[in-house]
Amino acid sequence: EIAATAFDLIFVDYHFGLLTGLEVLSEINSCDRQAQAVLIMVTSVTKTDIVVEAMKSGCSDYLIKEQLSVAGIRKSVETAFADKSSQVE
């Protein structure tokens, strides 16, 4: 259950069993315990409308699986946390 533990960072896949990543984002966003979590979608889906909806749903970044690298993930996470901390100040 998503409310069991508060997370600092949540990676969401668009293909998530019976749900889509957008549906999972909705569940996460409705959970007060995850209000401070940084959300990053990682998927192979490159449809612009899904990317836009993920970002509108609170994702800090949208990473394409086929383009993943350690450096890319690190940059995404660092930028997301920097952006989150600047919003709090």
For the chain, what is the percent of antiparallel DSSP beta bridges, rounded to the nearest 5? 20
Accessible surface of the stretch 1-70 [probe 1.4 Å, protein heavy atoms]: carbon and sulfur percent: 52
Taking Cα pairs closer than 8 Å and at least 6 residues apart, the relative contact order of the chain in percent is 26
Each residue of the stretch 43-52 in turn: what ³J(HN,Hα) in whole Hz from Karplus with 6.51, -1.76, 1.60 and θ = phi - 60°, glycine and Pro shown as x? 7, 9, 7, 10, 6, 4, 5, 6, 4, 4
Which residue fluctuates most in the GNM of the chain (Cα springs below 10 Å): ALA37, ALA54, ALA71? ALA71
Per residue, how much accessible area does the chain have with a 1.4 Å probe, in Å²? 65
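Taking all pairs of different Cα atoms in the chain, averaging 1/r and flipping that mean, what Kirkwood radius in angstroms comes out?
After inverting the pairwise mean of 1/r, the radius is 13.4 Å.
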Please sort 12-19, 40-47 by packing, taking for each peptide the average over its residues of neighbouring beta carbons within 10 angstrom, highest first. 40-47, 12-19
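The values are calculated or read from the model by the stated rules, or taken from the named source; none is laboratory data. Please read all numbers here as calculations on a predicted model, not as lab measurements. Cβ atoms come from the backbone with ideal geometry, glycine included; neighbour counts cover every protein chain shown. To get the accessible areas, we keep the full protein, side chains included, count just its heavy atoms, and leave off ligands, DNA and RNA. Shrake-Rupley method; radii C 1.70, N 1.55, O 1.52, S 1.80 Å.
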